[in-house]
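Nothing in this text is a laboratory measurement; each read-out follows from the coordinates by a stated rule. Just so you know, these numbers come straight off a predicted model, no measurement behind them. All Cβ positions, even for glycine, are placed from backbone atoms using ideal geometry, and neighbour counts span all protein chains on display.
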Amino acid sequence: MRPHGTPGNAAVGDVTPAVLAIGRPDFPNALIDTLRCQAGVGHCMVFALSRAGAARCLLDVGNIPIGGDLGAAYAGQFHESDPNRDALFEGKGAAPIVLPAFAPRMYGARYRKMFFVDSGIVDKCATAIWVDDTCFYVNFYRIAAQGRFSDAQRARLRAIAPAISASVARHFQQGSTATADQTLAALFATSALLADLTPREQEVCRRILTGFSSEAISRALGISLHSTLTYRKRAYQRLGISSQNELFAIVLRVLAGPGHLN
């Protein structure tokens, strides 16, 4: 379910499919579908960079036929000449990094030929997040058939980048076994704000986030509709919110906030 956001919360719920797919085998497809819908992204690649100098390609999904070759080449040697490298490593320990700038002249001749000429890539945006000593570097591309990102698409990527990078990091840390409810249960258990809710209030909120109606929550938990509405009201009061959209916003802030993955 995708809740209707208000102008002040335009990002609320928009990346929910990717967030709820964390830990599942279909995470790559959920991620690229979300990125395609929200900002016209054609292809996404994720790399894990370490302080020791190692690099791995964790994800390659979208419309670039030679994406796998590019991932292997970047992890093998080209990560060392990436013009974004300094910005990535200077950002260690900070909030999610957004790197929207792209210009072919930033790259060396060999790099430019393989990654932009041969592949058909015409535009790129990127974000990253550090977890301990690993930088999860998330790259968004468009190919010639799509043209460059529009200003609106770039703005959209900047808005959702923190939640996207945090989702990617959590997915690759946690493995591909968790259900959406298990993912949300982990978030509720590790966030001081959400953990303050009672167990029943947490159960109700998690089901709200996964698209259950109040009636469906009542059936799933074996309680009356009145009880479900009461738990929801109490949870919202504890959180200082009054709507489902605000609940989504809290979860996305928890997911994207510094230290949430430790």
Sorted by average packing, counted as other Cβ atoms within 10 angstrom per residue and highest first, what order do 159-167, 137-145 take? 159-167, 137-145
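Just to be sure I understand: if I project the alpha-carbon convex hull of the range 22-65 onto a plane and average over all orientations, what area do I get in nm²?
Mean orientational projected area (the range 22-65, Cα hull): 4.0 nm².
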The chain: angle of helix 67-76 to the longest principal axis, Cα-based, in degrees nearest 10: 70
Highest average packing first - 26-36, 194-204, Cβ atoms within 10 Å: 26-36, 194-204
Determine the percent antiparallel among the DSSP beta bridges restricted to the chain, to the nearest 5. 100
What list of whole percents do you get for P(r) of the range 180-256, with Cα-Cα distances grouped in 10 Å bins up to the one holding the largest distance? 20, 59, 20, 1
Amide H neighbours of His43 under 5 Å, counting only residues 5+ apart in sequence or on other chains, H built in-plane at 1.01 Å? Asn63, Tyr141
So what's the projected area for the chain, the Cα convex hull averaged over all directions, in nm²? 13.9
Which angle between 0 and 90 degrees, to the nearest 10, do you get for helix 225-239 versus the longest principal axis of the chain when only C-alpha atoms count? 60
16 Å cut-off, amide nitrogen to a point 7 angstrom out along Ala103 Cα→Cβ, residues in the range 123-143: 123-125
For the range 33-40, Karplus couplings with θ = phi - 60° (6.51, -1.76, 1.60), whole Hz, Gly/Pro x: 5, 5, 5, 5, 5, 7, 9, x
Comparing Arg154, Arg238, Arg110 in a Gaussian network model of the chain (Cα, 10 Å), the one with the largest mean-square fluctuation is Arg110
Angle check, please: helix 180-190 long axis (alpha carbons) against the longest principal axis of the chain (alpha carbons), in degrees 0 to 90, nearest 10. 80
For the range 92-236, restrict the atom set to alpha-carbon positions and state the Rg and Dmax in Å. 21.0, 66
Run the simple label-point estimate for Ser213 and Cys37 please: 7 Å along Cα→C-beta, distance reported in nm. 2.0
